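Working notes for the structure below.
The values are calculated or read from the model by the stated rules, or taken from the named source; none is laboratory data. Small disclaimer: the values here were computed from a predicted structure and weren't measured. Reconstructed Cβ throughout: ideal geometry from the backbone, glycine too, with neighbour counts over all protein chains shown. Heads up: the accessible areas ignore ligands, DNA and RNA and are worked out on the full protein's heavy atoms, side chains in. Shrake-Rupley method; radii C 1.70, N 1.55, O 1.52, S 1.80 Å.
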Amino acid sequence: MTEKDFIPKLYSNSIEFGSFTWSSPSNIALVKYWGKKENQIPANPSISFTLDACKTTTTLKVSKNESPNDFSFNVFLNEEKNDGFKPKIYIFFKRIEIYLPFLKEFHFDIETNNTFPHSSGIASSASGMSALALCLMSIEKEMNPTMSDEFFNQKASFLARLGSGSASRSIQGDLVCWGKHKEITGSSDLFGVKYPFQVHDNFKNYQDTILLVDKGEKQVSSTIGHDLMHNHPFAEQRFMQAHENLSKLINVFKKGDLKSFIEIVESEALTLHSMMMTSMPYFILMKPNTLEIINKIWSFRQETGLHICFTLDAGANVHILYPEHEAEEISEFIKSELVAYCQNGHYICDRIGFGAKQLPI
Ligand code: PMV
(Lines give C-alpha, C1' and ligand atoms only; values in the text may rest on other atoms or scores of the structure.)
Protein backbone atom coordinates (compact mmCIF):
# COMPACT_ATOMS: atom_id res chain seq x y z
CA MET A 1 0.00 0.00 0.00
CA THR A 2 1.14 3.54 -0.69
CA GLU A 3 -0.33 6.89 0.36
CA LYS A 4 -2.02 7.16 -3.05
CA ASP A 5 -4.10 4.04 -2.33
CA PHE A 6 -5.95 6.01 0.33
CA ILE A 7 -7.10 8.75 -2.06
CA PRO A 8 -10.67 7.81 -2.94
CA LYS A 9 -12.06 7.56 -6.44
CA LEU A 10 -15.63 8.65 -7.11
CA TYR A 11 -18.13 7.71 -4.42
CA SER A 12 -21.21 5.72 -5.41
CA ASN A 13 -23.48 7.21 -2.70
CA SER A 14 -23.93 10.59 -1.07
CA ILE A 15 -25.16 11.56 2.37
CA GLU A 16 -26.59 14.81 3.74
CA PHE A 17 -26.55 14.17 7.45
CA GLY A 18 -25.83 11.41 9.92
CA SER A 19 -24.46 10.51 13.33
CA PHE A 20 -21.68 8.01 14.04
CA THR A 21 -20.24 6.89 17.37
CA TRP A 22 -17.02 5.02 18.03
CA SER A 23 -15.30 4.11 21.23
CA SER A 24 -11.55 3.79 20.85
CA PRO A 25 -8.92 2.78 23.40
CA SER A 26 -5.62 4.22 24.48
CA ASN A 27 -2.52 2.05 24.09
CA ILE A 28 0.80 1.64 25.86
CA ALA A 29 3.94 1.14 23.78
CA LEU A 30 6.33 -1.65 24.70
CA VAL A 31 8.87 -0.64 22.02
CA LYS A 32 8.57 3.12 21.85
CA TYR A 33 8.03 5.45 18.92
CA TRP A 34 10.15 8.53 19.51
CA GLY A 35 11.29 10.48 16.47
CA LYS A 36 9.59 10.92 13.13
CA LYS A 37 10.17 11.90 9.53
CA GLU A 38 7.95 14.11 7.39
CA ASN A 39 4.23 13.29 7.15
CA GLN A 40 4.14 11.42 10.44
CA ILE A 41 6.37 8.61 9.23
CA PRO A 42 7.95 6.98 12.29
CA ALA A 43 11.74 6.91 12.58
CA ASN A 44 11.46 3.39 13.99
CA PRO A 45 8.83 0.68 14.35
CA SER A 46 6.93 0.34 17.63
CA ILE A 47 4.57 -2.16 19.26
CA SER A 48 1.91 -1.63 21.90
CA PHE A 49 -0.63 -3.31 24.10
CA THR A 50 -4.09 -1.94 23.39
CA LEU A 51 -5.80 -0.89 26.62
CA ASP A 52 -9.32 -1.71 27.65
CA ALA A 53 -10.66 0.73 30.26
CA CYS A 54 -8.89 3.90 29.13
CA LYS A 55 -10.82 5.01 26.09
CA THR A 56 -12.50 7.86 24.28
CA THR A 57 -16.03 7.75 22.94
CA THR A 58 -16.73 10.18 20.13
CA THR A 59 -19.98 10.96 18.38
CA LEU A 60 -19.70 12.78 15.10
CA LYS A 61 -22.85 14.58 14.08
CA VAL A 62 -22.81 15.44 10.42
CA SER A 63 -24.87 18.16 8.72
CA LYS A 64 -24.50 20.43 5.70
CA ASN A 65 -21.74 23.09 5.83
CA GLU A 66 -23.32 26.40 4.84
CA SER A 67 -19.93 27.93 3.96
CA PRO A 68 -18.04 25.09 2.30
CA ASN A 69 -14.90 27.10 1.58
CA ASP A 70 -13.44 26.13 4.97
CA PHE A 71 -13.77 23.38 7.59
CA SER A 72 -16.69 23.86 9.94
CA PHE A 73 -16.83 22.07 13.29
CA ASN A 74 -17.46 22.41 17.01
CA VAL A 75 -15.88 20.29 19.71
CA PHE A 76 -17.62 19.29 22.94
CA LEU A 77 -15.69 17.56 25.72
CA ASN A 78 -17.94 15.97 28.34
CA GLU A 79 -20.94 17.90 27.00
CA GLU A 80 -19.17 21.27 27.24
CA LYS A 81 -18.02 23.23 24.23
CA ASN A 82 -14.23 23.14 24.16
CA ASP A 83 -12.35 25.38 21.74
CA GLY A 84 -8.98 24.27 23.11
CA PHE A 85 -8.93 21.20 20.83
CA LYS A 86 -9.92 23.11 17.70
CA PRO A 87 -6.44 24.05 16.40
CA LYS A 88 -5.24 20.43 16.62
CA ILE A 89 -8.34 19.15 14.82
CA TYR A 90 -8.07 21.89 12.20
CA ILE A 91 -4.49 20.79 11.42
CA PHE A 92 -5.69 17.18 11.35
CA PHE A 93 -8.47 18.02 8.85
CA LYS A 94 -6.00 19.88 6.66
CA ARG A 95 -3.64 16.90 6.64
CA ILE A 96 -6.34 14.37 5.78
CA GLU A 97 -8.44 16.43 3.36
CA ILE A 98 -6.75 14.88 0.34
CA TYR A 99 -7.82 11.44 1.60
CA LEU A 100 -11.36 12.50 2.57
CA PRO A 101 -12.27 15.14 -0.02
CA PHE A 102 -15.79 15.59 1.39
CA LEU A 103 -14.64 17.19 4.65
CA LYS A 104 -15.56 20.77 3.69
CA GLU A 105 -19.02 19.75 2.51
CA PHE A 106 -20.14 19.03 6.08
CA HIS A 107 -20.47 20.74 9.39
CA PHE A 108 -19.38 18.46 12.25
CA ASP A 109 -20.33 18.46 15.90
CA ILE A 110 -17.64 16.38 17.56
CA GLU A 111 -18.83 15.19 20.97
CA THR A 112 -16.16 13.42 22.91
CA ASN A 113 -15.81 11.82 26.36
CA ASN A 114 -12.83 10.12 27.97
CA THR A 115 -13.19 7.41 30.60
CA PHE A 116 -10.10 8.80 32.29
CA PRO A 117 -9.95 12.33 33.69
CA HIS A 118 -8.67 14.87 31.18
CA SER A 119 -6.16 16.16 33.72
CA SER A 120 -4.81 12.71 34.58
CA GLY A 121 -1.62 13.14 32.59
CA ILE A 122 -2.78 10.25 30.37
CA ALA A 123 -2.50 11.36 26.78
CA SER A 124 -5.91 11.33 25.13
CA SER A 125 -4.46 11.85 21.66
CA ALA A 126 -4.24 8.14 20.75
CA SER A 127 -7.81 7.30 21.78
CA GLY A 128 -9.23 10.68 20.71
CA MET A 129 -7.67 10.82 17.25
CA SER A 130 -8.45 7.18 16.50
CA ALA A 131 -12.10 7.60 17.57
CA LEU A 132 -12.44 10.65 15.31
CA ALA A 133 -10.73 8.90 12.39
CA LEU A 134 -13.12 5.95 12.75
CA CYS A 135 -16.17 8.24 12.76
CA LEU A 136 -14.89 9.87 9.57
CA MET A 137 -14.37 6.47 8.02
CA SER A 138 -17.98 5.61 8.84
CA ILE A 139 -19.00 8.53 6.63
CA GLU A 140 -16.79 7.28 3.83
CA LYS A 141 -18.21 3.79 4.23
CA GLU A 142 -21.73 5.20 3.73
CA MET A 143 -20.54 6.78 0.50
CA ASN A 144 -18.71 3.65 -0.59
CA PRO A 145 -20.62 0.70 0.94
CA THR A 146 -18.56 -1.96 -0.84
CA MET A 147 -15.43 -1.01 1.08
CA SER A 148 -13.87 -4.06 2.79
CA ASP A 149 -13.41 -4.21 6.56
CA GLU A 150 -9.69 -4.62 6.03
CA PHE A 151 -9.46 -1.41 4.03
CA PHE A 152 -11.73 0.39 6.53
CA ASN A 153 -9.39 -0.48 9.41
CA GLN A 154 -6.22 0.25 7.47
CA LYS A 155 -7.45 3.63 6.37
CA ALA A 156 -8.77 4.48 9.85
CA SER A 157 -5.31 3.73 11.23
CA PHE A 158 -3.67 5.66 8.37
CA LEU A 159 -5.82 8.73 9.11
CA ALA A 160 -5.43 8.41 12.90
CA ARG A 161 -1.66 8.38 12.37
CA LEU A 162 -1.87 11.76 10.69
CA GLY A 163 -3.55 13.10 13.86
CA SER A 164 -1.16 11.49 16.34
CA GLY A 165 1.35 8.76 15.51
CA SER A 166 0.47 6.49 18.41
CA ALA A 167 -3.24 6.72 17.47
CA SER A 168 -2.47 4.45 14.50
CA ARG A 169 -2.06 1.63 17.06
CA SER A 170 -5.54 2.07 18.61
CA ILE A 171 -7.82 0.65 15.92
CA GLN A 172 -7.69 -3.11 15.96
CA GLY A 173 -6.07 -5.89 17.94
CA ASP A 174 -4.57 -6.51 21.33
CA LEU A 175 -0.94 -6.20 20.23
CA VAL A 176 -0.34 -3.71 17.43
CA CYS A 177 2.78 -2.87 15.41
CA TRP A 178 3.29 0.32 13.53
CA GLY A 179 6.35 0.99 11.37
CA LYS A 180 8.08 -1.18 8.81
CA HIS A 181 10.01 -4.06 10.36
CA LYS A 182 11.71 -6.69 8.22
CA GLU A 183 10.48 -9.65 10.27
CA ILE A 184 6.89 -8.51 10.83
CA THR A 185 4.68 -9.55 7.96
CA GLY A 186 2.48 -6.75 6.65
CA SER A 187 4.07 -4.05 8.84
CA SER A 188 3.97 -0.55 7.41
CA ASP A 189 5.04 2.99 8.21
CA LEU A 190 1.62 4.15 7.04
CA PHE A 191 -0.68 2.30 9.45
CA GLY A 192 -0.73 -0.06 12.41
CA VAL A 193 -1.27 -3.80 11.95
CA LYS A 194 -2.34 -6.54 14.32
CA TYR A 195 0.71 -8.41 15.53
CA PRO A 196 0.66 -11.39 13.15
CA PHE A 197 2.53 -14.11 15.06
CA GLN A 198 1.92 -16.53 17.89
CA VAL A 199 1.49 -15.10 21.41
CA HIS A 200 1.89 -17.32 24.48
CA ASP A 201 -0.90 -17.52 27.05
CA ASN A 202 1.33 -15.70 29.58
CA PHE A 203 0.53 -12.51 27.69
CA LYS A 204 -3.22 -13.03 27.47
CA ASN A 205 -5.14 -10.48 29.53
CA TYR A 206 -1.91 -8.82 30.68
CA GLN A 207 -2.62 -6.24 33.37
CA ASP A 208 -1.68 -2.55 33.36
CA THR A 209 -2.16 -0.53 36.54
CA ILE A 210 -1.46 3.12 35.80
CA LEU A 211 -0.11 5.10 38.73
CA LEU A 212 -0.93 8.79 38.32
CA VAL A 213 2.17 10.38 39.76
CA ASP A 214 1.70 13.76 38.18
CA LYS A 215 -1.58 14.85 36.72
CA GLY A 216 -0.34 18.20 35.40
CA GLU A 217 -0.09 19.23 31.76
CA LYS A 218 2.81 17.64 29.93
CA GLN A 219 6.00 19.76 30.20
CA VAL A 220 7.06 18.84 26.70
CA SER A 221 4.58 18.11 23.94
CA SER A 222 5.29 14.95 22.01
CA THR A 223 5.61 17.05 18.82
CA ILE A 224 8.57 18.91 20.35
CA GLY A 225 9.94 15.65 21.74
CA HIS A 226 9.88 13.91 18.36
CA ASP A 227 11.56 16.94 16.78
CA LEU A 228 14.41 16.76 19.25
CA MET A 229 15.40 13.42 17.73
CA HIS A 230 16.57 15.32 14.64
CA ASN A 231 20.30 15.92 15.16
CA HIS A 232 20.17 13.94 18.40
CA PRO A 233 23.65 12.48 19.00
CA PHE A 234 22.29 8.98 19.77
CA ALA A 235 19.37 8.90 17.32
CA GLU A 236 20.71 6.36 14.85
CA GLN A 237 21.72 3.86 17.54
CA ARG A 238 18.35 4.31 19.18
CA PHE A 239 16.41 3.63 15.97
CA MET A 240 18.51 0.49 15.36
CA GLN A 241 17.91 -0.66 18.93
CA ALA A 242 14.12 -0.38 18.46
CA HIS A 243 14.34 -2.70 15.42
CA GLU A 244 16.43 -5.17 17.43
CA ASN A 245 14.11 -5.08 20.44
CA LEU A 246 11.12 -5.77 18.23
CA SER A 247 12.96 -8.73 16.68
CA LYS A 248 13.71 -10.09 20.16
CA LEU A 249 10.07 -9.69 21.22
CA ILE A 250 8.90 -12.06 18.49
CA ASN A 251 10.54 -14.98 20.28
CA VAL A 252 9.59 -13.64 23.71
CA PHE A 253 5.91 -13.56 22.77
CA LYS A 254 6.10 -17.01 21.24
CA LYS A 255 7.85 -18.64 24.21
CA GLY A 256 6.05 -16.67 26.93
CA ASP A 257 9.47 -15.56 28.21
CA LEU A 258 8.45 -13.10 30.92
CA LYS A 259 12.00 -12.44 32.11
CA SER A 260 13.18 -11.20 28.71
CA PHE A 261 9.92 -9.30 28.23
CA ILE A 262 10.63 -7.36 31.43
CA GLU A 263 14.20 -6.58 30.34
CA ILE A 264 13.13 -5.25 26.97
CA VAL A 265 10.14 -3.26 28.20
CA GLU A 266 11.92 -1.55 31.09
CA SER A 267 14.95 -0.81 28.94
CA GLU A 268 12.69 0.76 26.29
CA ALA A 269 11.04 3.00 28.91
CA LEU A 270 14.34 4.18 30.32
CA THR A 271 15.79 4.66 26.84
CA LEU A 272 12.85 6.89 25.88
CA HIS A 273 13.56 9.05 28.90
CA SER A 274 17.31 8.94 28.25
CA MET A 275 16.65 10.35 24.79
CA MET A 276 14.88 13.31 26.41
CA MET A 277 17.65 13.77 28.95
CA THR A 278 20.32 13.81 26.23
CA SER A 279 18.60 16.04 23.68
CA MET A 280 19.28 19.76 23.35
CA PRO A 281 17.36 21.30 25.08
CA TYR A 282 17.15 18.47 27.64
CA PHE A 283 14.28 17.45 29.90
CA ILE A 284 13.58 15.24 32.87
CA LEU A 285 9.94 14.18 32.84
CA MET A 286 10.21 11.66 35.66
CA LYS A 287 9.40 12.95 39.15
CA PRO A 288 10.96 11.82 42.44
CA ASN A 289 7.93 9.57 42.99
CA THR A 290 8.44 7.94 39.58
CA LEU A 291 11.88 6.79 40.78
CA GLU A 292 10.56 5.74 44.19
CA ILE A 293 8.02 3.51 42.44
CA ILE A 294 10.61 2.03 40.07
CA ASN A 295 12.92 1.17 42.96
CA LYS A 296 10.09 -0.40 44.95
CA ILE A 297 9.10 -2.51 41.93
CA TRP A 298 12.67 -3.71 41.54
CA SER A 299 12.97 -4.69 45.23
CA PHE A 300 9.60 -6.44 45.23
CA ARG A 301 10.52 -8.37 42.08
CA GLN A 302 13.85 -9.39 43.59
CA GLU A 303 12.19 -10.57 46.84
CA THR A 304 9.23 -12.41 45.34
CA GLY A 305 10.33 -13.51 41.87
CA LEU A 306 7.01 -12.24 40.53
CA HIS A 307 6.93 -10.82 37.00
CA ILE A 308 6.05 -7.22 37.67
CA CYS A 309 7.62 -4.51 35.53
CA PHE A 310 7.08 -0.91 34.58
CA THR A 311 6.92 1.22 31.50
CA LEU A 312 6.60 4.97 31.03
CA ASP A 313 5.31 7.22 28.32
CA ALA A 314 6.42 10.81 27.87
CA GLY A 315 5.56 11.84 31.44
CA ALA A 316 5.91 10.96 35.11
CA ASN A 317 3.10 8.38 35.38
CA VAL A 318 4.07 4.73 35.72
CA HIS A 319 2.37 1.85 33.91
CA ILE A 320 2.82 -1.34 35.91
CA LEU A 321 2.58 -4.42 33.71
CA TYR A 322 2.07 -7.96 35.01
CA PRO A 323 0.57 -11.30 33.96
CA GLU A 324 -2.98 -12.11 35.01
CA HIS A 325 -1.99 -15.21 37.00
CA GLU A 326 0.08 -13.06 39.37
CA ALA A 327 -2.50 -10.31 39.65
CA GLU A 328 -3.67 -11.02 43.19
CA GLU A 329 -0.32 -10.64 44.93
CA ILE A 330 0.85 -7.82 42.71
CA SER A 331 -2.27 -5.69 43.13
CA GLU A 332 -1.99 -6.16 46.92
CA PHE A 333 1.56 -4.84 46.71
CA ILE A 334 0.50 -1.91 44.53
CA LYS A 335 -2.24 -0.93 46.96
CA SER A 336 -0.16 -1.26 50.08
CA GLU A 337 3.18 0.08 48.83
CA LEU A 338 2.80 2.18 45.70
CA VAL A 339 -0.47 4.08 45.76
CA ALA A 340 1.01 6.39 48.40
CA TYR A 341 3.24 7.84 45.65
CA CYS A 342 0.30 8.79 43.42
CA GLN A 343 -1.13 12.29 43.32
CA ASN A 344 -4.19 12.19 45.61
CA GLY A 345 -3.84 8.38 45.67
CA HIS A 346 -5.21 8.13 42.11
CA TYR A 347 -4.53 5.13 39.90
CA ILE A 348 -6.33 3.26 37.11
CA CYS A 349 -6.64 -0.53 36.82
CA ASP A 350 -6.50 -1.50 33.19
CA ARG A 351 -5.61 -4.52 31.06
CA ILE A 352 -5.16 -5.53 27.44
CA GLY A 353 -8.14 -4.74 25.26
CA PHE A 354 -9.03 -5.59 21.69
CA GLY A 355 -9.50 -2.32 19.88
CA ALA A 356 -12.17 0.15 18.85
CA LYS A 357 -15.89 -0.53 18.66
CA GLN A 358 -18.70 1.18 16.82
CA LEU A 359 -21.63 1.96 19.09
CA PRO A 360 -25.25 1.97 18.00
CA ILE A 361 -26.85 5.39 17.57
O1 PMV B 1 1.57 9.81 19.28
P2 PMV B 1 2.49 10.85 19.81
O3 PMV B 1 3.02 11.77 18.76
O4 PMV B 1 1.87 11.60 20.98
O5 PMV B 1 3.80 10.11 20.43
C6 PMV B 1 3.73 9.19 21.46
C7 PMV B 1 5.08 8.81 21.91
C8 PMV B 1 5.16 7.88 23.12
O9 PMV B 1 3.92 7.76 23.78
C10 PMV B 1 6.16 8.46 24.10
C11 PMV B 1 5.66 6.51 22.70
C12 PMV B 1 4.69 5.64 21.93
O13 PMV B 1 5.16 4.87 21.10
O14 PMV B 1 3.47 5.69 22.21
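Need one number: nm distance between label points at His325 and Lys4, each 7 Å from Cα along Cα→Cβ, rounded to one decimal.
Rounded to a tenth, the inter-label distance reads 5.2 nm.
Under the rule a/c < 1.5 gives rounded, and otherwise a/b versus b/c splits prolate from oblate, where does segment 187-246 land using the Cα gyration tensor?
Since a/c reaches 1.5 but b/c is at least a/b, the shape of segment 187-246 is classed as oblate.
If you take the beta carbon distance between Asn78 and Ile224 as r and set R0 to 25 Å, what does 1/(1 + (r/R0)^6) give as a FRET efficiency, to the nearest 0.05? Please list the in-between numbers first.
Working: r = 27 Å, r/R0 = 1.09.
Efficiency, rounded to the nearest 0.05: 0.35.
Rounded to whole Hz and in sequence order, give me ³J(HN,Hα) for segment 139-152 from the Karplus expression 6.51 cos²θ - 1.76 cosθ + 1.60, θ = phi - 60°, writing x for Gly and Pro.
My calculation for segment 139-152 gives 5, 4, 5, 5, 7, 9, x, 7, 4, 7, 4, 4, 5, 3 Hz in order.
Counting only heavy atoms of the protein chains, get the accessible area per residue of the chain (1.4 Å probe) and round it to a whole Å² value.
Per residue, the chain has 45 Å² of solvent-accessible surface.
According to a simple spin-label model (label point 7 Å from Cα along Cα-to-Cβ), what is the distance in nm between Lys182 and Thr146?
If labels sit at Thr146 and Lys182, their model points lie 4.0 nm apart.
Restricting to segment 5-155, compute how many DSSP beta bridges are antiparallel as a %, nearest 5.
Of the beta bridges lying entirely in segment 5-155, close to 80 percent run antiparallel.
So, with a 1.4 angstrom probe, what is the percent of accessible area on segment 192-345 that is carbon and sulfur?
It is 51 percent, rounded to a whole number.
What list of ³J(HN,Hα) couplings, whole Hz, do you get for segment 318-335 from phi and the Karplus terms 6.51, -1.76, 1.60, once you set θ to phi - 60° and write x for glycine and proline?
These are the phi-based 3J(HN,Hα) values: 10, 8, 9, 10, 7, x, 4, 5, 10, 4, 4, 5, 5, 5, 4, 4, 4, 5 Hz.
Label Ile98 and Gln241 with points 7 Å out from Cα along Cα→Cβ: what is the distance between them in nm?
Simple spin-label model gives 3.4 nm for this pair.
Shape of segment 107-246 from its Cα gyration tensor (a ≥ b ≥ c, root eigenvalues): rounded if a/c is under 1.5, otherwise prolate when a/b > b/c, or oblate?
Rounded, because the longest to shortest axis ratio a/c is under 1.5.
Straight-line reach from Lys155: which aspartates and glutamates have a Cα under 12 Å away, not including same-chain ones fewer than 8 places off?
Within reach: Glu3, Asp5, Glu140.
Just from its helices, what would the mean residue ellipticity at 222 nm be for the chain, if runs of 4 or more DSSP H residues each count -39500 (n - 2.57) and the sum is divided by every residue, rounded to the nearest 500 deg cm²/dmol?
Theoretical 222 nm ellipticity from helices: -10500 deg cm²/dmol.
How far is the Cα center of segment 77-135 from the Cα center of segment 309-361, in Å?
Comparing the Cα centres of segment 77-135 and segment 309-361, I get a distance of 25 Å.
Between segment 136-165 and segment 247-306, how many Å separate their Cα centres?
Using only Cα atoms to place each centre, the spacing works out to 34 Å.
Taking the alpha-carbon centroid of each part, what is the distance from segment 196-229 to segment 1-57 in angstrom?
Segment 196-229 and segment 1-57 have Cα centres separated by 16 Å.
Say the cut-off is 28 Å between C-alpha atoms; which of Lys182/Lys204; Lys104/Lys182; Lys36/Lys296; Lys287/Lys335; Lys194/Lys287 go over it?
Beyond 28 Å: Lys104/Lys182; Lys36/Lys296; Lys194/Lys287.
So what's segment 274-361 giving for Rg/Rh, alpha carbon basis, Kirkwood Rh from the mean inverse pair distance?
1.05
Kirkwood Rh and Cα-based Rg: tell me the resulting Rg over Rh for segment 245-323, rounded to two decimals.
Result for segment 245-323 is an Rg/Rh of 1.01.
Shape call for the chain from the C-alpha gyration tensor, a ≥ b ≥ c root eigenvalues: rounded (a/c under 1.5), prolate (a/b greater than b/c) or oblate?
On the way: a/c = 1.73, a/b = 1.58, b/c = 1.09.
Judged from the Cα gyration tensor, the chain comes out prolate (a/c at least 1.5, a/b above b/c).
How large are Rg and Dmax for segment 22-173 when only the alpha carbon atoms are used, in Å?
When restricted to the Cα atoms of segment 22-173, Rg and Dmax are 15.0, 45 Å.
Give the aspartates and glutamates whose C-alpha is closer than 14 Å to that of Lys86, dropping any in the same chain fewer than 8 places away, or say none.
Asp70, Asp109, Glu111
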